[in-house]
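Written below as structure tokens is the structure these notes are about.
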Amino acid sequence: MPDPTRVLHVIPRCIGGGPERSILALARETAALGVDHRHTVAVLDPPVTPAMFLQARRLGITLAIAPAPDELVGLAADADVVQVHYWNHPALSATLRTVALPDARVLLWCHVLGLHAPQVFTGDVARYADRVVLTSNASSSAEGSRAAVAAGIPVDVVPALTDPSRLDGFTPRAHDGCVVGYVGIVNAAKMHPRYAEMCAAVTHPDARFEVYGGGGGEEALIQRATDLGIAERLVVHGPTEDLRAALEGMDAFGYPLAVDSYATSEKVLQEAMWVGLPPVILGHGGAAGMVTDGVTGVVADDEAAYARAVDRLIADPELRARLGAAARDHARTMYDPVRQTRAVLTIVDDLLRQPRRARPPLPGGDDAPGAAFVRSLGDRGGAFAVSLAGPTAGSGADAAADAADREIASSGDLVARGEGGVIHHRNAFPDDPHLLLWSGLVAAGSGDTETARAEFAAAHHHGLGDDRPARYAADLDRS
């Protein structure tokens, strides 16, 4: 018998998100097809949640949690394929910039749209790979996708793998009204920041909204629903592992995402369509390519159109049934995990025919964390790159640097507080003066002057070489 293929997955974290669940689904479907792949998952940023740990062990997956650099090198040396699951995460970026892998075959799986800061798919990351997998056609215009094509690196598109067994036994549950549900991250970096307002704009008296998921924005959403007078119609349940039960209580799936969301082939949208829930989404990002307007769901142009679409679905059960049936048929063809697994296996088999090759770490191994953050933004560095360079004279007011800092202070939630954003990197590297400066700016921009003062003071203490922290703190005192 041939030797098993050993696959090392390198992933930033393992807390139950889409990329982690894709690895589990891939392992399950590969085994079901009778293909002998041995999966090891190197999780760079612990902890691993108990549910994910147990599921991985049941599938025979070996977990290496927070491996030291020499351990990661050893795991890569033993692997036939190293599969890097990419999104902008400080632990992954630092690893790719500082750890020199042995000769290897690297498959880079990009789990983000890659078009917006901070989740940019950069050219440096793409050129690190022997092969690139995108999870959405919309990512083909990302800097990294274009760089891969220019370098002759094959680029494939494979939607994220789902695990339909989570939905086995799905049976719609009787409930009051007509429920439009949401499952996913609950904060303004993912969910549209005016989600509550869109729900309030739905006028049908039977409309009810149920939200499942965590992310830190639950209390704010509850308060906003109260302020809008829809608290009785909008229920926030918090996180759930029982996806089937959540979907069983819904009549439609309302999934409006933030304009700059890095969503690609959203697993939960696939899963809602799989069980025949008609989706209503906004027409941007990777999700927009998953739904055909008027055929498998509704793609709304803006907030007002979203509310009108929900009203129309609630008022028309036959339309809901028709769109839901088409969504189910589409999902069970396009998002069939066996189909996706076969696509991945073909890519891996192609890679196995190639020799292992040496590659240096990504550029920037000697960068300070603030500079590494700017580098991770690629062609979207913009204001952060200008701010990093600082005043041209070294100190004192500088129009370009000050304008860049004002732009940073007005950053949206995704850049400021989302995964891979300013606060995430600042918390990973709490002594970097530029990350502290930017953290202070976004705090000031959100009205948190106490945190802003503390961050500006820390930026000065840790060696920012100009007077911006003192000037910006003084501006807060005058405001």
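The values are calculated or read from the model by the stated rules, or taken from the named source; none is laboratory data. In this text, all values refer to a predicted model and were calculated from it rather than measured experimentally. Note that each Cβ is placed from the backbone with ideal geometry, even for glycine, and that neighbours are counted across all protein chains shown.
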Self-check item: Flag if GLY144 is buried (at least 20 other Cβ atoms within 10 Å of the Cβ), within 13 Å of the chain's Cα centre (by Cα), not basic (Lys, Arg) and not assigned by TED's automatic domain parsing to the domain that holds LEU269
Solution: no
Practice problem: Having 3 or more residues that are among the hydrophobic types (A, V, I, L, M, F, W, C), surrounded by 17 or more Cβ atoms within 10 Å (Cβ to Cβ) and over 23 Å from the mean Cα position of the chain (by Cα) is the bar; report the helices (runs of 4 or more DSSP H) wholly within the range 364-479 that clear it. | Solution: 433-445, 449-461
Quiz item: What are the residues in the range 152-174 that are part of a loop (DSSP other than H, G, I, E, B), touching a residue at least 24 places away in the same chain (Cβ under 8 Å) and within 23 Å of GLU271 (Cβ to Cβ), if any?
Solution: VAL158, PRO159, ALA160, LEU161, THR162, ASP163, ASP168, GLY169, PHE170, THR171, PRO172, ARG173
Quiz item: All but one of (1) farther than 27 Å from GLY114 by Cβ; (2) in a helix (DSSP H, G or I) hold for GLY60; which doesn't?
Solution: (2)
Exercise. Please specify each residue of the range 175-192 satisfying the condition of being charged (D, E, K, R) and either closer than 23 Å to VAL268 by Cβ or touching a helix residue (DSSP H, G or I) at 6+ places or on another chain (Cβ under 7 Å) (or both).
Key: LYS190
Exercise. Say whether the condition of being assigned to a loop (DSSP other than H, G, I, E, B), over 30 Å from PRO69 (Cβ atoms) and touching a Gly at 6+ places or on another chain (Cβ under 8 Å) is met by at least one residue in the range 131-151.
Key: yes
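Which residues, taken from the range 245-300, are of a type in the set (Gly, Ala, Ser) and over 21 Å from ALA315 (Cα atoms)?
Correct list: ALA245, ALA246, ALA258, SER261, ALA263, SER265, GLY283, GLY285, GLY286, ALA287, ALA288, GLY289.
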Quiz prompt | Number of the exception - ASN88 against (1) assigned to a helix (DSSP H, G or I); (2) touching a Gly at 6+ places or on another chain (Cβ under 8 Å); (3) surrounded by 14 or more Cβ atoms within 10 Å (Cβ to Cβ) | solution = (1)
Practice problem: Specify which of the listed residues (GLU197, GLU143) is farther than 20 Å from LEU313 by Cβ and out of contact with any Phe, Trp or Tyr (no Cβ under 6 Å at 6 or more places or on another chain). | Solution: GLU143
Quiz prompt | Residues located in the range 65-110, provided they are of a type in the set (Gly, Ala, Ser), closer than 21 Å to THR30 by Cβ and in contact with a helix residue (DSSP H, G or I) (Cβ under 6 Å, 6 or more places away or on another chain) | solution = ALA104
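Among the candidates LEU101, LEU107, LEU96, LEU72, which residue alone is over 27 Å from VAL35 (Cβ atoms), touching a residue at least 60 places away in the same chain (Cβ under 8 Å) and surrounded by 16 or more Cβ atoms within 10 Å (Cβ to Cβ)?
Being over 27 Å from VAL35 (Cβ atoms), touching a residue at least 60 places away in the same chain (Cβ under 8 Å) and surrounded by 16 or more Cβ atoms within 10 Å (Cβ to Cβ) holds for just one of LEU101, LEU107, LEU96, LEU72, which is LEU96.
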Exercise. Filter the range 275-315 down to residues that are in contact with a Pro (Cβ under 8 Å, 6 or more places away or on another chain), surrounded by 23 or more Cβ atoms within 10 Å (Cβ to Cβ), among the hydrophobic types (A, V, I, L, M, F, W, C) and farther than 17 Å from ALA138 by Cβ, then give me how many there are.
Key: 3
Quiz item: Mind checking whether some residue in the range 246-258 is crowded, with 19+ Cβ neighbours inside 10 Å, part of a loop (DSSP other than H, G, I, E, B), among the aromatic types (Phe, Trp, Tyr) and within 24 Å of the chain's Cα centre (by Cα)?
Solution: yes
